[in-house]
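Student: One structure follows; several queries about it will come next.
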Amino acid sequence: MIRVALVHTVKDYQGIRPPFGPGKQHPELTRLGGGSSSEPPNPVYAAVRQALAALGLDAEAFGSEAWNPLGALVDRGQRVVLKPNFIRHWNPSAEGTLESVVTHASILRAIADYALLAVGPDGSVVIAEAPQQDCSFATLARRIGLPELQAFYAEQLGRELGVIDLRREEVSTRDGVIVERRPLPGDPAGYRVVDLGARSFFQGAGLDPQRFRGADYDPAPTSEHHRDGRNEYLLSETVLSADLVVNLPKLKTHKKTGTTLALQNLVGINGDKNWLPHHCVGPVAEGGDEYPGQRPLDRWRTRGAEHAKRWLRRGRGIGMVRLLRRLEFRVRGDGFIRAGNWHGNRTTWRMALDLNRCLYYSGVDGLQLDAPAPVRTVLTLLDGIVAGEGEGPLAPRDRPLGALVASTDPVAVDLVALRLMGFDEERIPKIREAMLDPGPRITSVRKTSDVEVALVQGESCRTVALDAVPCERPFEPHPGWKGHIERKAS
């Protein structure tokens, strides 16, 4: 059985302020020197602690000064990477806040404490993420309290908590059009090209690489790295060389794959997101998955967008394209399906599963796809305190949920999250196909009955089956997924 911890806790982060301390001196923290009874109560920190305990990590020592939950996953002197969801520094939704878009820093504080406890003074812990191109990393860090968190570790504990923006470029946009590009230092450890070749989820899919479209205006890199037997990704060496990766996704909907959760969060370990196929241009009838049907308006839009991208990558026509984007928004609104933002997208879920296979089967010595099981341990802790529904992952509506989900199996985490959301795994390709996949497998889950849930409510913890996880109210899907993701009433 694959164990998952589900902790029900507060449904907001009210009263929790940087540096997000525990609010009490838990016995194990005396060795770290952090925590004080003078700090305000921090139920989120307590929930993270409960989740690690419910997984059974270092169970015999729980409650004592010797408890070291992450010590079961990483040794002293080793390196830990915390991988949050820092996709963007704002939420344009009138009913949403940044809290439903990114992983909250109170989660980072708690897991960083236990990581530092595990690796000791000779080890290292860093936060590493590649947000969307138009994210101002500095603005995001300031808004969520990262500078105060780093200052606490440096000044109070004499420890460094590194923060790395894995991107090589940041852009500014207006009306959805790039108007400025700024080079970034990127990963100080560099990048590694990982080629899955025929072991990619794109193998045998029947998708035309010439139709692949990525995260920028030039489609050539996207197609070039996924053709002629290649399926290549440019991944962070800091992440791939880590001894333990802690995946810290946000619980929210997603326009291209239905949900974000654990599997999707690995999009942020890339150095160049234009190597990532996001959709296939054109309608389904022509081999694309950009939009459903064959309405003339959608076809004209695609042709116009393809022409506009040729101008834009040469730095021409920026003002005219901005004007056309504003006109389109006034005429059509923002609710029409475009760029593969619907349930018929056959591309993005394959890319997401490829990235998981790259991480789970990459060791210090490179890719080991013939290994009988993953060569890397990844702990996932999903932030569902304030979740996101509707226009995720960029503009969700806040959905107070009060849940943390944890496991060393990403699909098991996602299955529990789907029960909370009221969604059906059989209708979400990236989860359904991960369970059916012949290998190299990224999950031990082959059927839902393989998952057992340690359900924590208050001070009680009981083990239940996956189907016993309650959904208090189904989430609203992204508009392109409505009617195609919901769990049917039994």
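The values are calculated or read from the model by the stated rules, or taken from the named source; none is laboratory data. These numbers come from a predicted model, not from an experiment. Don't worry about glycine lacking a Cβ; one is built from the backbone with ideal geometry, like all the others, and counts go over all protein chains shown. Ligands, DNA and RNA are stripped out before the accessible areas are found, and what is left, the full protein with its side chains, is counted by its heavy atoms. Shrake-Rupley method; radii C 1.70, N 1.55, O 1.52, S 1.80 Å.
Student: Output yes when any residue across region 232-239 is open to solvent by less than 10 Å² (accessible area, probe 1.4 Å), free of Cβ contacts under 8 Å to residues at least 60 places away in the same chain and touching a Gly at 6+ places or on another chain (Cβ under 9 Å), and no when none is.
Tutor: No, region 232-239 contains no residue that is open to solvent by less than 10 Å² (accessible area, probe 1.4 Å), free of Cβ contacts under 8 Å to residues at least 60 places away in the same chain and touching a Gly at 6+ places or on another chain (Cβ under 9 Å).
Student: Moving on to the next point. Being assigned to a helix (DSSP H, G or I) and either without any contact (Cβ under 8 Å) to a residue 40 or more places away in the chain or more than 15 Å from the chain's Cα centre (by Cα) (or both) is the filter here, so list the residues in region 328-349 that pass it. If you could, list the steps in order and put the result at the bottom.
Tutor: So the first thing to find is which residues in region 328-349 are assigned to a helix (DSSP H, G or I), and the list is 328-332, 348-349.
Listed by number, the residues that qualify are 328, 329, 330, 331, 332.
Student: Kindly indicate whether residue 404 is under 24 Å from residue 245 (Cβ atoms) and either at pLDDT 95 or above or more than 17 Å from the chain's Cα centre (by Cα) (or both).
Tutor: The answer is yes for residue 404.
Student: Being under 21 Å from residue 352 (Cα atoms) and surrounded by 14 or more Cβ atoms within 10 Å (Cβ to Cβ): is that true of residue 339 here?
Tutor: Details: under 21 Å from residue 352 (Cα atoms): yes; surrounded by 14 or more Cβ atoms within 10 Å (Cβ to Cβ): yes.
When the stated conditions are applied, residue 339 passes them.
Student: Something else about it: Determine whether residue 35 is open to solvent by less than 40 Å² (accessible area, probe 1.4 Å) and modelled with pLDDT under 95. Walk me through how you get there before you give the answer.
Tutor: Numbers: open to solvent by less than 40 Å² (accessible area, probe 1.4 Å): yes; modelled with pLDDT under 95: yes.
Answer is yes for this residue.
Student: I'd like to check something: does region 428-440 contain any residue that is over 23 Å from residue 377 (Cβ atoms) and touching a Gly at 6+ places or on another chain (Cβ under 7 Å)?
Tutor: The answer is yes, given that some residue of region 428-440 is over 23 Å from residue 377 (Cβ atoms) and touching a Gly at 6+ places or on another chain (Cβ under 7 Å).
Student: From the list 100, 106, 124, exactly one residue is closer than 19 Å to residue 159 by Cβ, crowded, with 24+ Cβ neighbours inside 10 Å, in contact (Cβ under 8 Å) with a residue 12 or more places away in the chain and not hydrophobic (A, V, I, L, M, F, W, C). Which is it?
Tutor: Exactly one residue qualifies, and that residue is 106.
Student: Every residue in region 44-70 that is surrounded by fewer than 20 Cβ atoms within 10 Å (Cβ to Cβ) and part of a helix (DSSP H, G or I), please.
Tutor: 46, 59, 60, 61
Student: Between 138, 154, which is within 24 Å of the chain's Cα centre (by Cα), open to solvent by 20 Å² or more (accessible area, probe 1.4 Å) and without any contact (Cβ under 8 Å) to a residue 12 or more places away in the chain?
Tutor: Answer to the selection: 138.
Student: Only one of these conditions is not met by residue 19: (1) in contact with a Pro (Cβ under 8 Å, 6 or more places away or on another chain); (2) assigned to a loop (DSSP other than H, G, I, E, B). Which number is it?
Tutor: Residue 19 satisfies every listed condition except (1).
Student: Now, a different point. Note down all Cβ pairs under 8 Å where the first residue falls in region 467-490 and is more than 24 Å from residue 8 (Cα to Cα) and open to solvent by less than 50 Å² (accessible area, probe 1.4 Å), the second is in a loop (DSSP other than H, G, I, E, B) and of a type in the set (S, T, N, Q), and they're at least six residues apart or on different chains.
Tutor: Here the result reads 478/341; 480/341, each pair linking region 467-490 to a residue that is in a loop (DSSP other than H, G, I, E, B) and of a type in the set (S, T, N, Q).
Student: Here's a follow-up. Tell me yes or no: at least one residue of region 144-151 is touching a residue at least 24 places away in the same chain (Cβ under 8 Å) and either part of a strand (DSSP E or B) or touching a strand residue (DSSP E or B) at 6+ places or on another chain (Cβ under 8 Å) (or both).
Tutor: Yes, region 144-151 contains at least one residue that is touching a residue at least 24 places away in the same chain (Cβ under 8 Å) and either part of a strand (DSSP E or B) or touching a strand residue (DSSP E or B) at 6+ places or on another chain (Cβ under 8 Å) (or both).
Student: Have a look at 258, 268 and point out the one that is on the phi > 0 side of the Ramachandran plot and open to solvent by less than 10 Å² (accessible area, probe 1.4 Å).
Tutor: Just a single option satisfies the conditions, and that option is 258.
Student: Restricting attention to region 193-226, and to residues there that are hydrophobic (A, V, I, L, M, F, W, C), without any contact (Cβ under 8 Å) to a residue 60 or more places away in the chain and not in a strand (DSSP E or B), which single residue is farthest from residue 367 (Cα to Cα)?
Tutor: Per the criteria, the residue is 220.
Student: Residue 349 - would you say it is crowded, with 21+ Cβ neighbours inside 10 Å, touching a Gly at 6+ places or on another chain (Cβ under 7 Å), modelled with pLDDT of 90 or more and of a type outside the set (D, E, K, R)? It would help to see each step written out before you state the result.
Tutor: Working: crowded, with 21+ Cβ neighbours inside 10 Å: yes; touching a Gly at 6+ places or on another chain (Cβ under 7 Å): no; modelled with pLDDT of 90 or more: yes; of a type outside the set (D, E, K, R): yes.
No; evaluated as a whole, the condition is false for this residue.
Student: Something else: Could you grab me the full set of residues in region 134-143 that are among the hydroxyl-bearing types (Ser, Thr, Tyr) and assigned to a loop (DSSP other than H, G, I, E, B)?
Tutor: 136, the sole residue that qualifies.
Student: In addition: Give the residues of region 375-422 that are of a type in the set (A, V, I, L, M, F, W, C), in a strand (DSSP E or B) and open to solvent by 10 Å² or more (accessible area, probe 1.4 Å), sorted by residue number.
Tutor: Residues satisfying the conditions are 395, 401.
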